[in-house]
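Written below as structure tokens is the structure these notes are about.
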Amino acid sequence: MPQLAPQQAVDTPVDRTRETLERATRRLLDLQLPSGAWKGELQTNVTMDAEDMMLRVFLGIDTADTRDQTARWIRSQQRADGSWATFAGGPGDLSTTVEAWIALRMAGDKPTAEHLALAREFIVSAGGLEQTRVFTRIWCALFGWWDWSDLPAMPPELMYLGKHVPLNVYEWGCWARQTIVPLTVVCTLRPKRRMEWDLGELRTDGRTNPASTGLDTPPPLRSSGTRPAPSVRERWIPAAFNGLDRGLHAYHRHAIGPVRRHALRRAAEWIIARQEADGGWGGIQPPWVYSILALHSLGYALDHPVLRAAVDGLEGFFISEDTPDGPIRRLEACQSPVWDTGLAVNALLDAGVNPHDPALRRAADWLMAEQITVPGDWKVRRPKLPPGGWAFEYANDNYPDTDDSAVIVMGLQRVATTHGPLQEQAVSRGIAWTAGMQSKDGGWGAFDADNTSRWPSQLPFCDFGAVTDPPSADVTAHVVEMLAAVGRSRGARCKRGVQWLLDHQEADGSWFGRWGANHVYGTGAVVPALVAAGTSPRSGAIRAAVRWLEAHQNADGGWGEDLRSYDDPAWIGRGDSTPSQTAWALMALVAAGETGEATLRGVDYLAETQQPDGGWAEDKFTGTGFPGDFYIAYHLYRLIFPVWALGRVVRALDGPESHTHRDLGLTPRTAP
């Protein structure tokens, strides 16, 4: 591969944009894996690492190396006030801090050590152990630090509820469903491994919280979020569910033996049937960890094939790194190779890379092999729909998602592979499955159709994270843009999707971002989709979005939105500029026909912050797992989205007629 020349001054905006794009495109191509995929690290907070430490201690499989390396990473992420946050630069979080404190104690740190003493001060000042989330108190109960009877009840008899009965497992979002089922087992069997020390110093009054089984409903998000505010008629619901919880606790004390045993067996069968090829569940940490605990509590030995595969599979989710203080290891909550590859293919195509390019062909071949052609839980709501979607992860056949599938179809149908009929079949199946997952209201959720029940979120158990998967603007936009790209903008499904997007525009002209931070992400996804589907760039909706973007551009020319915007509206559209969020804004502006000052200032920001290797630094988290609770730093977002946006800017500045494919001086290429 030829060496990149030093970045040089250029004469015109299009020259500077093209130069920045060329360097970034080469960098992205350099990062392709031999398989044809792209995979960037998916970084979250130290909860993942603390819970891995606790899991290993509970199972008796921890080692000095795993304890030391995990503890070294956790210590490195502590904030100056002694706390740990849920995202880089965010405020301290009580539950995260408690779990980090416990993990470091398990690693051998003394409670009198300065860093743990400082953490304790934060914990007590924030309300103490009594005010932590339910999941944290479950971990405490596993080690004898919290009374199981003071946790909300979740009986395995939940497995008996049919698909039309409220609170059946298919009313939960897939991530919650996979977590709740094993937790019904754990919270029923109540396993315990006592430690030689306790958590008395983390309490504020030395007693369990009397309200621990009667939590208030989580505070509502804005109307576009996942927890809509209840109506006046629904104000009785929290009290009713608290009463239900008390009844379930009473039932636990007098459960009918054969009924309970059968429910536990049914839960175990449900869990085992959904174990993936990599040993995990859903490709994400929570159901993986709790499924291990559930099966182990039921008597499955660690050398049982199911548990052996599960524990071994976790090793593939660790990032190891040498630091000046020694080696560290941190756990990815999830891995995103399919998503990263689908995004990269689209970005490179829009950057002008030839559809015949070997890199794109390898990526397309890899993606076609990843298509899921077997049924999953989505069949419960769409029993007649043939499979054909893609999942986010390497192994997650039970839970393909519409977001990945839409993005992959957009890219795959443009790559010139050597597998014409197979490629056409893959694209056709992907279109049919993704379109068929449309919800009744016209929008698309990520994993399920019509997953909009309010009942699960009312349970006292659910005080953390979204537990259902209603349609969102960003996912719906990607599906609409895909349908337009394959010539279906005049179809009924696309039209209903467009109307859903128009109906869900915020009063300020933006759109809420469910899976990315936040209104910049939502707006960056929706505007290109609407225009691709035939909405005029001069329409009122698009003009309002442009005004919102221009009003929120930072002085340095970039865009940024702090993750606190999910909780505090004052942060909407406000935050330090980042490459990924600037790219989202540019994609919206270019789609709206804007190539003037705001767009050129955004390009200048990317040009001025580009690193010598062609990439960008981004220490902020710009991905969203659960709005208000759990956030993600996708390490490839900082490169893929600028490539994608700059490619579209070059096309807009040059004019579509002059936008030709380029080989960037890199063809012919061999596999990296």
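The values are calculated or read from the model by the stated rules, or taken from the named source; none is laboratory data. Because the structure is predicted, anything quoted here is derived from the model rather than measured. A quick note on method: Cβ atoms are made from the backbone with ideal geometry, for glycine too, and the neighbour counts reach across all protein chains shown.
In the range 71-93, the residues that are closer than 19 Å to Gly623 by Cβ reach residues that are of a type in the set (Val, Ile, Thr) and in a helix (DSSP H, G or I) with C-beta atoms within less than 8 angstrom, at least six apart or across chains, in these pairs: Trp84/Ile74; Trp84/Thr96; Trp84/Thr97; Ala85/Thr96; Thr86/Thr47; Thr86/Thr96.
Just one residue in the set Arg547, Arg543, Arg564, Arg601 is surrounded by fewer than 21 Cβ atoms within 10 Å (Cβ to Cβ), in a helix (DSSP H, G or I), modelled with pLDDT of 95 or more and under 20 Å from the mean Cα position of the chain (by Cα); that residue is Arg564. Among the residues of the range 49-86, those that are more than 20 Å from Arg120 (Cα to Cα) and of a type outside the set (Val, Ile, Thr) comprise Asp52, Leu55, Arg56, Phe58, Leu59, Gly60, Asp62, Ala64, Asp65, Arg67, Asp68, Gln69. Might you check whether a residue that is over 30 Å from Val649 (Cα atoms), among the aromatic types (Phe, Trp, Tyr) and surrounded by 24 or more Cβ atoms within 10 Å (Cβ to Cβ) occurs anywhere in the range 288-300? Looking through the range 288-300, at least one residue is over 30 Å from Val649 (Cα atoms), among the aromatic types (Phe, Trp, Tyr) and surrounded by 24 or more Cβ atoms within 10 Å (Cβ to Cβ).
Give the number of residues within the range 454-473 that are among the aromatic types (Phe, Trp, Tyr) and either buried (at least 21 other Cβ atoms within 10 Å of the Cβ) or not in a helix (DSSP H, G or I) (or both). Residues that pass the stated criteria total 2.
Based on this model, can you work out whether Asp49 counts as surrounded by fewer than 23 Cβ atoms within 10 Å (Cβ to Cβ) and in contact with a helix residue (DSSP H, G or I) (Cβ under 8 Å, 6 or more places away or on another chain)? So Asp49 does not fit the description; no. Of note, Ala533 satisfies the criterion of being over 16 Å from Gly625 (Cα atoms) and touching a helix residue (DSSP H, G or I) at 6+ places or on another chain (Cβ under 9 Å). Here is the figure for the range 504-524: residues that are in contact (Cβ under 8 Å) with a residue 40 or more places away in the chain and farther than 23 Å from Phe621 by Cα total 4. Scanning the range 610-622 for residues that are surrounded by 20 or more Cβ atoms within 10 Å (Cβ to Cβ), within 16 Å of Leu646 (Cβ to Cβ) and polar (S, T, N, Q) yields a single hit, Gln610. Among the residues of the range 474-491, just one is of a type in the set (Ser, Thr, Tyr) and assigned to a loop (DSSP other than H, G, I, E, B), namely Ser489.
Name the single residue that is farthest from the chain's Cα centre (by Cα) among those in the range 447-482 being over 16 Å from Cys174 (Cβ atoms) and free of Cβ contacts under 8 Å to residues at least 60 places away in the same chain. The qualifying residue farthest from the chain's Cα centre (by Cα) is Val480. The conditions of being at pLDDT 95 or above, under 23 Å from Leu142 (Cα atoms), touching a Lys or Arg at 6+ places or on another chain (Cβ under 7 Å) and not hydroxyl-bearing (Ser, Thr, Tyr) are not met by Leu183.
Inspect all residues belonging to the range 321-332 and state whether any of them is assigned to a loop (DSSP other than H, G, I, E, B), in contact (Cβ under 8 Å) with a residue 24 or more places away in the chain, in contact with a helix residue (DSSP H, G or I) (Cβ under 9 Å, 6 or more places away or on another chain) and not acidic (Asp, Glu). The answer is no, given that none of the residues of the range 321-332 is assigned to a loop (DSSP other than H, G, I, E, B), in contact (Cβ under 8 Å) with a residue 24 or more places away in the chain, in contact with a helix residue (DSSP H, G or I) (Cβ under 9 Å, 6 or more places away or on another chain) and not acidic (Asp, Glu).
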